[in-house]
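Since the structure comes first, as structure tokens, the remarks are kept for the end.
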């Protein structure tokens, strides 16, 4: 009798906890938006972002635009990248990084079209340790270039100057790439994100998200 009561109590507890665990798993696996460009400043520049060289010139090259219900960051004639540290991202729990971009103008024979930097750690000098996912006009997809002592390692995720005028989406396992390229785990909280358009290039950057694997 006593064993039967214990089993019934365990079963009742299990029934109560199942919805909790299912809800927790669902929340854990949901995509987390790192940036949707919904918060412009008075100059139509994303709040919390800065230029790698100069905020003044960055605001001349990058600006927020709205088309229908879509808000995006346009890079035009940029000679620097823009970055934000205002994100909350654990790459170990949410390793899958996705983003959208749309190419409008690219000079002929351009190698570097655009890039997204996943800055997942810093070195001993507090310099970001980054993986630079690039859209290249010439390099083959999947090619990897070592960044050296202070540069970001480059991974080509799209190759060629097409399509034009269409949103395309990229998806990478940023955690796996970081471990394979940099040979150590990233920090529990990512340092930030960076975006860059190439010289003479006009390109739009859409929302950036992460999710569990």
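Table for the structure above
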read-out: Neighbour-count ranking [beta-carbon atoms within 10 angstrom, fewest first] of 113, 56; value: 56, 113
read-out: Overall form of the chain per C-alpha gyration tensor (a/c, 1.5; a/b vs b/c); value: prolate
read-out: The chain - mean residue ellipticity at 222 nm from DSSP helices (-39,500 (n - 2.57) per run, n ≥ 4, rounded to 500); value: -6500 deg cm²/dmol
read-out: Percent antiparallel among DSSP beta bridges (both partners in the chain, rounded to 5); value: 90
read-out: Packing rank of 156-166, 44-54, 188-198, 88-98, where each peptide gets the mean count of other beta carbons within 10 Å, highest leading; value: 188-198, 88-98, 44-54, 156-166
read-out: Average projected area [Cα convex hull, the range 120-213], square nanometres; value: 7.0
read-out: Span from the the range 70-89 Cα centroid across to the the range 110-126 one, whole angstrom; value: 12
read-out: Helix 2-29 axis, angle to the chain major axis (alpha carbon atoms, nearest 10°); value: 10
read-out: Those residues of the range 71-111 whose amide nitrogen sits under 13 Å from the label point placed on residue 44, 7 Å along Cα→Cβ; value: 71-76
read-out: Mean separation of Cα contacts under 8 Å (6+ apart) over length of the chain, as relative contact order %; value: 31
read-out: Order by protection proxy (mean Cβ within 10 Å, highest first), peptides 121-133, 74-86; value: 74-86, 121-133
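No value in this document is a laboratory result; all are computed from the given coordinates. Being a predicted model, the structure only gives us computed values, none of them experimental. All Cβ positions, glycine included, derive from the backbone under ideal geometry; neighbour counts span all protein chains shown.
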